[in-house]
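Asker: Below are the structure tokens for one structure; questions will follow.
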Amino acid sequence: MELVLNRRRVRDKDADGMAVAAFILGLLGLLVMNVVLGPMAIVLAGLALRYRTTRRGRAWLGLALGVADLAVLAALVMADGTVSWGIGA
């Protein structure tokens, strides 16, 4: 019984960590490497929500930011015509 409770605590802690990581990766993805960080944020947020994190707000924000990362990437690809983009002439 104690082993089951201990596993549940670890899983809950892992789910909370995934929610926070999804939020941070989604936020960073708006600035750099959105092609990589956006999908990672989406996956981590989905897993955190599936494992019933206590930080549901951060998981939802991570999910939204991950989708926004991909939307920014799509807009930049449409504007430039390439996957790579940069600032300058």
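Coordinate-derived values only; no laboratory data. Worth saying up front: this structure is predicted, and the values here are computed from it rather than measured. Cβ placement follows ideal geometry from the backbone for every residue including glycine, while neighbour counts extend to all protein chains displayed.
Asker: Determine ³J(HN,Hα), in whole Hz, for all residues of the range 48-63 in sequence, where each value follows from phi through the Karplus function 6.51 cos²θ - 1.76 cosθ + 1.60 and θ = phi - 60°; x replaces Gly and Pro.
Answerer: Whole-Hz 3J(HN,Hα) from phi for the range 48-63: 4, 5, 5, 8, 6, 5, 7, 9, 5, x, 5, 5, 5, 5, x, 5.
Asker: Here's something else I'd like to know. Take the Cβ-Cβ distance between LYS13 and ALA71 as r, set R0 to 25 Å, and report the resulting FRET efficiency rounded to the nearest 0.05.
Answerer: 0.20
Asker: Want the number for ARG50 to ILE24: 0.36 nm per residue separation, take away the alpha-carbon distance, what's left? Before the final figure, lay out the partial values.
Answerer: Working: separation 26, 0.36 × 26 = 9.36 nm, distance 1.86 nm.
Roughly 7.5 nm would be gained on extension.
Asker: Show the residues, 5+ positions off or on another chain, whose built amide H is closer than 5 Å to the amide H of THR53.
Answerer: Excluding prolines and chain starts, which carry no amide H, there are no hits.
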